[in-house]
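Engineer: This is the structure I want to talk about, given as structure tokens.
The values are calculated or read from the model by the stated rules, or taken from the named source; none is laboratory data. Given the structure is predicted, the values throughout are model-derived calculations rather than measurements. In this analysis, Cβ positions are derived from the backbone assuming ideal geometry, glycine residues included, and neighbour counts consider all displayed protein chains. Surface accessibility is based on the protein's heavy atoms, side chains included, excluding ligands, DNA and RNA. Shrake-Rupley method; radii C 1.70, N 1.55, O 1.52, S 1.80 Å.
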Amino acid sequence: MNRLELLVDRDGPLTRAAVLADGRLTDLHIDHAGRPSLLGAVILGRVERIVTALNGAFIDLGGGLSGLLPASDVRRPIQDHDDFPATRSRPGIKQGGKPGAKPVPIGTLLRAGQPVAVQVKADAAGAKGPSLTMDITLPGRFLVHAPLGRDIAVSKRLGSGPERAALARRVEELATGSGWIVRAGAATASDALLAAESEALHLQWRAIRDDARAGTAPRLLHAGPDAPTRALIEQGAAAPDSILVDDPAPPGLPGLVGPGDGPLLAGLRAWCGRAAPDLLPRLAAHKLQHTPPPEAAQRLFDLRDLDGAIAGLLDPRVPLPHGASLVIERTEALTVVDVNAGERGNPLDVNLDAAAEIARQLRLRNVGGIVVVDFVNMRGRGDAERVLAALSHAVDSDPVQTQVYGMSKLGLVELTRARRGTPLAALLRP
């Protein structure tokens, strides 16, 4: 079994969380203080204007920023004692929920000036503002709280049969509140962990709801998870064996003693205490390593050569075994990946190596949107099917929804990966 590590540090404006499996970088989460992400944030916005041509509304999020809320993501106001400005139904998709019915016009759902609680599904990209929904979800390692819902949904990765029904009943008995999506990792989680996580997520929701009632729009109700927390949430049941945090306390800061006892460590310790108590024993501060001369202290990412690995993710060329390589180029419309054979004679072997590395690079670089892969020409349809199966299997573990659509007549493989957060190249640019 792979040994998993989560290494966290602060490097100037960057907060970095790197997941390593047996010493190899597999996932990377970065926050940039000067380019903050709103992904996952819940905001009490105000309807700025209705756009019938898009069947959506632009929502003022504050700070001169607005995002698009499609009619399909609008929820009707709750009619009972709960006056939170969101809804429990999905009126924007089809009238009456009947197949083939026309979408409900946005003008019948919202009005200009109306306060609405929205969540950011995707950050702004280029000229496009953030993508918004009123279907608020709060993610955990094993469960996702969908407080405006009433059902319990179980991940498709758990297959079908009585095990799914049994897991749904178990969560229903343990969870606080209603509206839950059960992630695949919940199947191996203890009752205590499921109960603790559900309570933490429900308390988070109650704080959001109460804050929404207490003030005016637009304003932030709840920030999305930071880079270290995102890393732990997306690992799910595959918890790191160790979590090392390199965040020395600023000189003279009262209440914090010794190297490593900075706000990053304190924040992670607080989050684990609320939602992931099993991770607390694995959480520790990195002790600065001194090399000659004595005053030269080595930081965590230096010791593990992660700075070089991260810098390599900005290079279009990615080496593969036996001289083969990938060339990854981003255009405005899509990302193109070209597989070069190098010295290896068997195209199938090259393409199988490439499939695994392509999935890894998409995650590390946080590539979103349309991706087209030009694999090395193969000898027959059977080889092509093996490569497609290998690529589908490699992206299956990606926490971001990724879909492989097949191979075109020109031998190009098409796939899509949902846009989430800011691409790595944009975060690291000067």
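Engineer: Could you provide, to the nearest whole Å², the per residue accessible area of the chain with probe 1.4 Å?
Structural biologist: Computed with neighbouring chains in place, this is 49 Å² per residue.
Engineer: To continue, here is another question. What distance in nm separates the two pseudo spin-label positions at Q298 and A418, each 7 Å out from Cα along the beta-carbon direction?
Structural biologist: Each label point is offset 7 Å from its Cα along the Cβ direction, giving 4.0 nm.
Engineer: To continue, here is another question. Using a Gaussian network for the chain with springs between C-alpha atoms less than 10 Å apart, which of these wobbles most: H322, H145, H202?
Structural biologist: Answer for the Gaussian network model of the chain: H322.
Engineer: Next question, about the same structure. Set Lys and Arg Cβ to +1 and Asp and Glu Cβ to -1, take the dipole of the chain about its Cα centre, and tell me which of L410, A237, M378 lies farthest positive.
Structural biologist: Value: L410.
Engineer: So which DSSP H runs in the chain come out at 15 Å plus along the axis (Cα) with average Kyte-Doolittle of at least -1.0?
Structural biologist: 162-174, 191-214, 263-275, 347-365, 381-395
Engineer: Take the chain, connect every pair of alpha-carbon atoms lying under 10 Å apart with a spring to form a Gaussian network, then pick out the residue of R317, R16, R157 with the largest mean-square fluctuation.
Structural biologist: Comparing R317, R16, R157 in the GNM, the peak value goes to R157.
Engineer: Two decimals, Cα atoms only, Kirkwood Rh: what is Rg/Rh over the chain?
Structural biologist: With Rh from the inverse mean 1/r over Cα pairs, Rg/Rh is 0.98.
Engineer: Could you tell me the distance between the Cα centroids of the range 153-198 and the range 1-38, to the nearest Å?
Structural biologist: If you average the Cα positions of each part, the centres end up 28 Å apart.
Engineer: Given the Cα-Cα distance of D11 and R206 and 0.36 nm per residue of separation, how much length would full extension add, in nm?
Structural biologist: Length gained between D11 and R206: 66.8 nm.
Engineer: What number, rounded to the nearest 500 deg cm²/dmol, is the helix-based mean residue ellipticity at 222 nm of the chain, given -39500 (n - 2.57) per DSSP H run of at least four residues and division by all its residues?
Structural biologist: -8000 deg cm²/dmol
Engineer: Using a basic spin-label model with each label point 7 Å from the Cα along Cα→Cβ, how many nm lie between A21 and R317?
Structural biologist: Each label point is offset 7 Å from its Cα along the Cβ direction, giving 2.8 nm.
Engineer: For the chain, with only Lys/Arg (+1) and Asp/Glu (-1) charged at the beta-carbon, what is the dipole magnitude about the Cα centre, in debye rounded to 20?
Structural biologist: 1500
Engineer: Could you tell me the center-to-center distance, by alpha carbons, between the range 390-430 and the range 300-358 in angstrom?
Structural biologist: What the calculation gives is 14 Å, centre to centre.
Engineer: Let me check against my output: what whole-number percent is the relative contact order of the range 303-430, with C-alpha pairs under 8 Å and at least 6 apart?
Structural biologist: RCO, the range 303-430: 22 percent.
Engineer: What length, rounded to one decimal in nm, is gained on full extension from L68 through to Y405, with 0.36 nm per residue of separation minus their alpha-carbon distance?
Structural biologist: Between L68 and Y405, full extension yields 118.6 nm more.
Engineer: Okay, moving on. Have a look at I208, P13, V336 and report the one farthest towards the positive end of the charge dipole of the chain, computed about the Cα centre with Cβ charges (Lys/Arg +1, Asp/Glu -1).
Structural biologist: I208
Engineer: Picking from L138, A125, V51, whose Cα lies most toward the positive end of the charge dipole for the chain (charges on Cβ: Lys, Arg +1; Asp, Glu -1)?
Structural biologist: V51
Engineer: Across all directions of projection, what mean area in square nanometres is found for the Cα convex hull of the range 128-260?
Structural biologist: One quarter of the hull surface, i.e. the mean projection, equals 12.1 nm².
Engineer: Let me ask another. State the extension gain, in nm to one decimal, for the chain segment bounded by A192 and R35, taking 0.36 nm per residue of separation less the distance between their alpha-carbons.
Structural biologist: Full-extension gain reported as 52.8 nm.
Engineer: Using the Cα centre of the range 119-189 as the reference point, and only Cβ charges (+1 on K/R, -1 on D/E), how large is the resulting charge dipole? Debye, rounded to the nearest 20.
Structural biologist: The dipole of the range 119-189 has a size of about 180 debye.
Engineer: Still on this structure, I have one more. What's the FRET efficiency of S397 with S242 using the Cβ-Cβ distance as r and R₀ = 25 Å, to the nearest 0.05?
Structural biologist: The calculated FRET efficiency here is 0.75.
Engineer: Between I370 and K287, with labels modelled 7 Å along Cα→Cβ, what's the label distance in nm to one decimal, could you check?
Structural biologist: Computed distance between label sites I370 and K287 equals 5.5 nm.
Engineer: Please give the charge dipole size of the range 286-430, origin at the Cα centre, charges +1 on K and R Cβ atoms and -1 on D and E Cβ atoms. Round to the nearest 20 debye.
Structural biologist: 340
Engineer: Report the FRET efficiency, 1/(1 + (r/R0)^6), for E332 and K156, where r is their Cβ-Cβ distance and R0 is 25 Å, rounded to 0.05.
Structural biologist: 0.15
Engineer: For the chain, with all protein chains present and a 1.4 Å probe, just round the carbon and sulfur fraction of the accessible area to a whole percent.
Structural biologist: Here it works out to 54 percent.
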